[in-house]
1. I'd like the carbon and sulfur percentage of the solvent accessible area for the range 65-160, probe radius 1.4 Å, heavy atoms only, ligands and nucleic acids excluded.
2. How much length is gained if the chain between K28 and F74 is pulled fully straight, taking 0.36 nm per residue apart and subtracting their Cα-Cα distance, in nm to one decimal?
3. For the full complex of protein chains and a 1.4 angstrom probe, list H36, H67, H47 by accessible area with the highest value first.
4. Probe of 1.4 angstrom, ligands and nucleic acids ignored: what's the accessible area per residue over the range 1-70, in square angstrom?
5. Considering only A94, L145, I63, whose Cα is most displaced toward the positive end of the charge dipole of the chain, charges sitting on Cβ of Lys, Arg (+1) and Asp, Glu (-1)?
6. Over all distinct Cα pairs, what is the inverse of the mean 1/r for the chain, reported as the Kirkwood hydrodynamic radius in Å?
7. So what's the angle, to the nearest 10 degrees on a 0 to 90 scale, between helix 16-28 and the longest Cα principal axis of the chain?
8. Let me have the relative contact order for the chain, percent, based on Cα pairs under 8 Å that are six or more residues apart.
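The values are calculated or read from the model by the stated rules, or taken from the named source; none is laboratory data. Worth saying up front: this structure is predicted, and the values here are computed from it rather than measured. Cβ sites come from the backbone with ideal geometry, for glycine too, and all protein chains shown count toward neighbours. What goes into the accessible areas is simple: the full protein's heavy atoms, side chains included, and nothing from ligands, DNA or RNA. Shrake-Rupley method; radii C 1.70, N 1.55, O 1.52, S 1.80 Å.
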Amino acid sequence: MIEELIGLLSCNDLNPAEVAAIAELVKKAPEDPELHWIEDPAQAMTHAILNNMTDYIAESDKIDELHEQLEEMFTDPLPAFPYDDEAVQESSFAYFKWLDEILAQRGSDIGGYELLSIDDGVDDYIRVAVVNRKDTARILELALLLEFRISRENGTSSWQ
């Protein structure tokens, strides 16, 4: 299950050896002495995913900084952060709704993209992965089975 989740979170960009290496680190995370401060095994494993998939995860405590990182993930740049949009200035939900509409149009040949939030419960940072929209349901199913907090970040509500 962990291998499948890692593959899907990377849009199947990682080769099998890379997936296996990350999966091994994730599985061992609850016993990792460096993560002794995380008592919950699922949290430790989620933290290990975040730490070992940094090329596929954007993270920040500020939405505009998160957007800058997301821009770098695409060859064809995303539109600039909508600083002039009052709704976005007042609510991160408005930003995520705006972004969800843009991501849905990207990669239309593969069904578009979607933003998923990954919460390891350690701090207040927002951590997101851009995934193939067609894989979202399976990712959420795997996350539920593994007790990882992964949810859609589409501006409708949190922790769907």
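1. On the way: 2410 of 5170 Å².
Carbon with sulfur: 47 percent of the solvent-accessible area.
2. Numbers: separation 46, 0.36 × 46 = 16.56 nm, distance 3.19 nm.
Answer, rounded to one decimal: 13.4 nm.
3. Of H36, H67, H47, the descending order of accessible area is H36, H47, H67.
4. Values: 3710 Å² over 70 residues.
I get 53 Å² per residue for this part.
5. L145
6. Values: mean 1/r = 0.0619 Å⁻¹.
The answer is 16.2 Å.
7. Roughly 70 degrees between the two axes.
8. Details: 218 pairs, mean separation 37.7, N = 160.
Taking the mean separation of contacting Cα pairs over the length of the chain, I get 24 percent.
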